[in-house]
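Here is the structure we will look at.
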Amino acid sequence: MTEEKNLIKAVIFDMDGVLINSMPFWKEGLKEVVKKNGSQFKEKLWQELKGGRVDEVISSWHKVIPLKNISLKKAEEEIVNKVVERIRQKGELKKGARKILDFLEKKELKIALASSSYKKVVMAVLEKFGLKKYFQVIHSSEEDNYGKPHPEIYLKTLKELEVDSVNCFCFEDSENGLIAARAARIKVVAVPASEDRDDKVFSLAEFKLNSLNEFNEKIWQKLNHPEPKKEPTNRKLFQVIGFNLAKISKGLDKYIKKSDKERKK
């Protein structure tokens, strides 16, 4: 009897919120920059935009609650610098991060990092924690035309890994990241923040974990040798994606209308 071959040949890691607890740094950096430049910080708007690329986040923010006396490029640079500074001063790996990297390295997988963060932020994390050795491919969406939830970052990373989507899975923590991965037809192990765990978008993930520590041999085997079952249909995928994009659009429209009214007073 021949040994059954593994389906999975590669794994892709998101970085912020998956390997390092850096989402609070992005929130703090954005909050400081927008408040310093005549805008307001809105928690709900942050929840809609987090996980996206910084230039797209600040551009969307400006459309809703305009920044004053600063260019969007300068605001973007200030946020990135604040995040890098915080990572170097007080950044911490997420629980189980190094353990899961060691586990998957022993499985002789190709391992990639695909992050919405700019290269400067990515390298700050890899250098601080000595993680660069784990990754055969390091891809920043700074190189891409579009950030998440567009699948460009995952499609390009698959090409660099020289694997098909069916032979790959990824770790994601945000709805924008999950939508991007599923649109690229990649299996997802979701590790959402506690406040996001009930979001229905995570029903599209193969597994949903409370932390990376929960990933084990049993999950690995299920990813490699899935039981025959009906995969989520495109209709279900687009229903969930449509719900989230509609929610984002509705939220932005609400803030734009409210801001317009306030400016007219």
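The values are calculated or read from the model by the stated rules, or taken from the named source; none is laboratory data. Here the structure is a predicted model, which means the values were calculated and not measured. All Cβ positions, glycine included, derive from the backbone under ideal geometry; neighbour counts span all protein chains shown. Remember, those area values only see protein heavy atoms, side chains included, never the ligands or the DNA or RNA. Shrake-Rupley method; radii C 1.70, N 1.55, O 1.52, S 1.80 Å.
The table that follows gives values for the structure above.
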item	result
Integer Hz, Karplus 6.51/-1.76/1.60 couplings in order for the stretch 26-40, x for Gly and Pro	5, 5, 5, x, 4, 4, 5, 5, 5, 5, 5, 10, x, 9, 10
Cα gyration tensor, the stretch 29-97 - rounded (a/c under 1.5), prolate or oblate	prolate
With all protein chains modelled, accessible area of residue 98 [1.4 Å, Å²]	90 Å²
Under-5 Å amide H pairs with residue 191, H placed in peptide plane, nonlocal only	172, 173, 209
Gained length - residue 59 relative to residue 73, 0.36 nm times residue gap less alpha-carbon distance	4.1 nm
Per-residue HN-Hα couplings for the stretch 128-140 [Karplus 6.51, -1.76, 1.60; θ = phi - 60°; Hz; x = Gly/Pro]	4, 9, x, 9, 4, 4, 7, 9, 7, 10, 10, 10, 9
Charge context of residue 123, other residues only, Cβ under 12 angstrom, K/R +1, D/E -1	+3
HN-Hα J in Hz across the stretch 213-226 - Karplus 6.51, -1.76, 1.60, θ = phi - 60°, x for Gly and Pro	4, 7, 5, 8, 4, 4, 5, 4, 5, 5, 5, 7, 10, x
Rounded to the nearest 10 Å², the accessible area of residue 26 at probe 1.4 Å	30 Å²
Pairwise centroid distance, computed over Cα atoms, of the stretch 25-69 with the stretch 151-178, Å	27 Å
